[in-house]
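Some notes on the structure that comes next.
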């Protein structure tokens, strides 16, 4: 099935007069808001505009491929999407204007106005980017009106009265929330010019917003679209979605609009959210309901203050700081207010409450849980001491070989004394293995050379086993087979890198291996718990 890029290439030759505006056009324009159009599109109040064709030409003249790759954006695709939109008859002459892009300590907000060939306008609000302040606002929406929402209202009231035409308003993620809030809170005379409000997997509101007369006045115009695994779009309180749709991604990655599946001029509909999504949303709902507004407010402040404690302004900077960055965050969080720790405690209570259907004895007997806990702990060890992890792994590997071979030799010695038959090749094999292992353990130079080879061999072997599991899962219709396929590719690439470098001091590479092991272990634990719950429900 296609996505919005294939839609543009298939329907892009048709004008809006030939083929009227539809729900997929809405997503195209909402996603366009993620592109940084500073110094490309005229700013709000300037009174001028540029066509999308002109904007694309200016944008790609200003940014080369290397710069585009380094841009801080929630999704990688929008710059490419701008080029695809500009190549269509449908949108190439649409005019962009009233561009706003604000980022400061209090808010992250961006919007632009798009004049369409059907004599209507579309106002697109940007969703959350990778800035910490943007994510802070998302959490704040559960207990207060945030600056971005107020700015969205002001934007509508500044832009719409200057035009007589009708407007569609929309956005993806936080942008969808801003579109709904702005439409509800703007002046009544402006509401009359609003044709539709598109909320594409945006977070909800506090209950007082949903029950307000302002919200009720535009509720019939709201078109809410979410993927079948929606987490962001199910946060806080909502009215039922207008449409649940299919996505080519797995799990929470379905939030990415570039993965939403399209057939013709509409999204592929699904009947309901996936069971795994409903289970995850139950956990978040239980947690949010258990914490009142003051507790949520204190938690949000302490949590995001902790993320920025080391000077980070983007989420990626926290991760790129490695263990030192996480140590700074953890230290700041430990010193947080008692209310914050209470909210964290309630989260674990919500986990326990929703995991009550787990048959723990059955899970332990299957050995899956214990094995994956071991994988996650190994990944955590690699992350904590990357400079020593490979040396320890090599020593453990050869220590196991030496101990096992020694055990076999002792056993064969006892069998020989009892005059029981012993195969000759085993008598030769295990002493040889013990001697080789001992050499590797005692000779640092030899051990150093072998460490990367051992890790590479283990990663390649793991890639093969996970790939076999993915193939079996595909044949059985297992919904998790794409996860196994991706995991297999990552493991193979990491293994090849280990073979090629043959360097036991590559701490940066070991950090990536640690992240892979930790993520794989945690994901496999989650999958095994989910399958356990599903099996118990069926019984």
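Here, each number is a calculation from the coordinates, and none is a lab measurement. Fair warning: this is a prediction, and the values are worked out from it, not measured in the lab. Counting neighbours? That spans all protein chains shown, and the Cβs are built from the backbone with ideal geometry, glycine included.
Please give the length that would be gained between residue 423 and residue 57 if that part of the chain were fully extended, namely 0.36 nm times their separation in residues minus their C-alpha to C-alpha distance (nm, one decimal). Kindly include the intermediate steps, with their values, before the conclusion.
Working: separation 366, 0.36 × 366 = 131.76 nm, distance 7.61 nm.
Net length gain for the segment: 124.2 nm.
With the simple model of a label 7 Å out from the Cα in the direction of the Cβ, residue 519 to residue 406 spans 4.0 nm. Here the simple spin-label model places points 7 Å from the Cα toward Cβ, and for residue 489 and residue 435 these points are separated by 4.6 nm. List the residues of segment 106-121 whose backbone N lies under 19 Å from a point placed 7 Å from the Cα of residue 19 along the Cα-to-Cβ direction. Correct set: 116-120. The packing ranking, built from the mean of other Cβ atoms within 10 Å per residue, places the peptides 22-29, 159-166, 180-187 in the order 180-187, 22-29, 159-166, highest first. Here the simple spin-label model places points 7 Å from the Cα toward Cβ, and for residue 271 and residue 104 these points are separated by 5.1 nm. Centroid-to-centroid, using Cα positions, segment 1-63 and segment 195-265 are 22 Å apart.
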